[in-house]
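Here the structure is laid out as structure tokens; the discussion comes afterwards.
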Amino acid sequence: MTSPPTPRIVLGSTSRYRAELLRRLIADFDQVAPGTDEAERPGESPRVRAQRLAIAKADAAAQGQTNALVIGSDQVAELDGTLLDKPGSIERACQQLAASSGREVRFHTALCLLDTRDGRRHNHVDHTRVRFRELGSAEIARYVQRELPLDCAGSFKCEGLGISLFDAIDNRDPSALIGLPLIALARLLRVAGVALP
């Protein structure tokens, strides 16, 4: 009797940051653009929004996959209840960092692992608190010009120069702040039968 074929690992994201993180665990995987609507819903908490979008991305990327473990992930940043989306421009990045100066920003990084063999979803949300030091306008401008964090929620890259903007980071999984909580993902992959390491 032959064993069933090993499921493909599919990352439902085109993010290079998430792909780089996943390569720490899995060398060979497919990357699929999920094409989900990321519009905010009235009254939706940041945690719920992150989880909803992670599930939606996994579901979308799973279309047509019959023997796959599909990963969806989403991150929502909030400052005093206000969402901090990807800035998209230098001006907005500088505005976000100025608003965050001396304050705490919370990040909710959600994960969904969808097993297309049985349709089961395994979900997780990781929480990170980032305390910014007091930032001057010249420091902010230098940072944004140097690292161009325009596609990053909160307008920084903690794996790069952005670490210099903080007083402290409080979380259980440092990879979650970059966009994919690897500790939880490794656990969920093991539950699904993937041998790690």
Residues satisfying the stated conditions in segment 14-49, i.e. under 21 Å from residue 191 (Cβ atoms) and not charged (D, E, K, R): 21, 22, 25, 26, 27, 29
Residue list for segment 160-197, filter: of a type in the set (Val, Ile, Thr), outside any loop (DSSP other than H, G, I, E, B) and surrounded by 15 or more Cβ atoms within 10 Å (Cβ to Cβ): 178
All positions within segment 88-105 that are in contact (Cβ under 8 Å) with a residue 24 or more places away in the chain, surrounded by fewer than 20 Cβ atoms within 10 Å (Cβ to Cβ) and not hydroxyl-bearing (Ser, Thr, Tyr): 88, 90, 92, 94, 98, 102, 103, 104
Residue 111 being touching a Ser or Thr at 6+ places or on another chain (Cβ under 6 Å) and within 18 Å of residue 178 (Cβ to Cβ): yes
Residue that is nearest to residue 55 (Cα to Cα) [pool: residues in segment 129-152 that are surrounded by fewer than 22 Cβ atoms within 10 Å (Cβ to Cβ) and within 16 Å of the chain's Cα centre (by Cα)]: 151
Residue in segment 58-73 that is hydrophobic (A, V, I, L, M, F, W, C), modelled with pLDDT of 95 or more, over 23 Å from residue 18 (Cα atoms) and assigned to a strand (DSSP E or B) present: no
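Residue-by-condition table, conditions (1) under 26 Å from residue 79 (Cβ atoms); (2) in contact (Cβ under 8 Å) with a residue 60 or more places away in the chain:
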{"residue": "24", "(1), (2)": "no, yes"}
{"residue": "27", "(1), (2)": "no, no"}
{"residue": "31", "(1), (2)": "no, no"}
{"residue": "41", "(1), (2)": "yes, no"}
Options 14, 36; residue that is crowded, with 18+ Cβ neighbours inside 10 Å, modelled with pLDDT under 95 and either in a loop (DSSP other than H, G, I, E, B) or among the β-branched types (Val, Ile, Thr) (or both): 36
Residues of segment 17-31 classified as in contact with a strand residue (DSSP E or B) (Cβ under 6 Å, 6 or more places away or on another chain) and in a loop (DSSP other than H, G, I, E, B), total: 2
Flag if residue 111 is surrounded by 16 or more Cβ atoms within 10 Å (Cβ to Cβ), in a loop (DSSP other than H, G, I, E, B) and at pLDDT 95 or above: no
Residue that is farthest from residue 86 (Cα to Cα) [pool: residues in segment 6-19 that are touching a residue at least 60 places away in the same chain (Cβ under 8 Å) and among the charged types (D, E, K, R)]: 8
Residues of segment 43-62 satisfying the condition of being free of Cβ contacts under 8 Å to residues at least 60 places away in the same chain, under 15 Å from residue 126 (Cα atoms) and of a type in the set (D, E, K, R): 49, 52
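The values are calculated or read from the model by the stated rules, or taken from the named source; none is laboratory data. Just so you know, these numbers come straight off a predicted model, no measurement behind them. Neighbour counts run over all protein chains shown; Cβ positions are idealised from the backbone, glycine included.
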